[in-house]
1. Is there any pair linking a residue in segment 182-207 that is more than 30 Å from residue 148 (Cβ to Cβ) to one that is surrounded by 17 or more Cβ atoms within 10 Å (Cβ to Cβ), with Cβ under 6 Å and at least six apart or on different chains, and which?
2. Out of (1) surrounded by fewer than 16 Cβ atoms within 10 Å (Cβ to Cβ); (2) assigned to a helix (DSSP H, G or I); (3) in contact (Cβ under 8 Å) with a residue 24 or more places away in the chain, the odd one out for residue 260 is which?
3. Residue check: is residue 174 in the same structural domain as residue 19 (by TED's automatic domain parsing) and under 23 Å from residue 65 (Cβ atoms)?
4. Take the conditions at pLDDT 90 or above, in a strand (DSSP E or B) and within 16 Å of residue 125 (Cα to Cα) and apply them to residue 197. Does it pass?
5. Test each condition in (1) surrounded by fewer than 22 Cβ atoms within 10 Å (Cβ to Cβ); (2) assigned to a loop (DSSP other than H, G, I, E, B) for residue 153 and report the one that comes out false.
6. Does any residue of segment 333-342 turn out to be surrounded by 13 or more Cβ atoms within 10 Å (Cβ to Cβ), farther than 21 Å from residue 23 by Cα and in contact (Cβ under 8 Å) with a residue 40 or more places away in the chain?
7. Is segment 282-291 home to any residue that is within 18 Å of residue 232 (Cβ to Cβ), out of contact with any helix residue (DSSP H, G or I) (no Cβ under 7 Å at 6 or more places or on another chain) and loosely packed, with under 15 Cβ neighbours inside 10 Å?
8. Among the residues that make up segment 368-384, is at least one of them within 30 Å of the chain's Cα centre (by Cα), over 30 Å from residue 76 (Cβ atoms) and either touching a residue at least 40 places away in the same chain (Cβ under 8 Å) or in the same structural domain as residue 259 (by TED's automatic domain parsing) (or both)?
């Protein structure tokens, strides 16, 4: 059950997190080799085990992507004995991670102070909507709320349209920030031997991404939604091509690149047009520029045009769909896509770890999504020393449920 040749080998996480943001954090660490024990119960399973038809399949696609690699055990945390078992798990772990509303872990008897008494150098993560303190800390939240409340939703979308809902990108951004914070806390523990409680507010993650707009607002300016535009590049956007649903993403950074672009277009007059001769002029006449570029690209085959632009050093690519990703030989060659076996579904592709390490190849997804409680023999038996009759008694009394 252990991985000895990975960056986080030897780190164990007692994972109480639910939904996406918290589980994505621990998923990232599990891909780097941490042993992650996910704690649920039959009466309170992770909500993302349920099917999500909105994502295109009647099975738990989201759960697959945030819970691969993890071990699964059941605990009925309404039972005092289960709480004691949870503490025994924390006692042999380096990290305890949770993503409930503030106060839930304290009411269960599993708050930071209680866990520190159990494990004096424990590192604990509490990931919530608005943090563990402050007047808004009691609010519940999901990914769209994080982006909306943090201001990122307002800054996303077209200038003449409404704010855009930010969904999984917010969960995953919060989870990624949490994983970095946990690694920092583990590093400090290694230096000092002291426990640490990491309090991460997901809405503050969204606010951390709009610093330029906040600077504008604080100086009396009125920030606007930029759409696909850029403050320093033009043309810059996503454009229709001659092929159905094959959109071309384009970013022209310099005047030299613009001249190369006009040669590919076959519009020499656009290269000498004073409205487009410099970056500042192109930004000033963005609407006319976009109309010109859009008219040309609408008549072009997507992939061939990308090849021609890339040969000229211009950043351009087709906006890939999921079939493109799944079939990409580059991603397969790098191990960014891996095949995993599932207990209740056909063998499938999963997204692997995006980082590579020169001294180890033991990163990424090594096992598929776990069925509820499938690892209790190892966790309760080998790690905690409970024999089969003890486990059967705990199940009969619904401590393990």
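1. That search, which allows pairs on different chains as well, returns 186/123; 189/123; 195/116; 195/122; 196/123; 196/185.
2. (1)
3. Criteria met by residue 174.
4. Considered against the rule, which asks whether it is at pLDDT 90 or above, in a strand (DSSP E or B) and within 16 Å of residue 125 (Cα to Cα), residue 197 comes out as yes.
5. Checking residue 153 against (1) surrounded by fewer than 22 Cβ atoms within 10 Å (Cβ to Cβ); (2) assigned to a loop (DSSP other than H, G, I, E, B), the one that fails is (1).
6. No: zero hits.
7. yes
8. no
The values are calculated or read from the model by the stated rules, or taken from the named source; none is laboratory data. Computed from a prediction, not measured in an experiment: that's the story for all the values here. Positions of Cβ are backbone-derived with ideal geometry, glycine not excepted, and every protein chain shown enters the neighbour counts.
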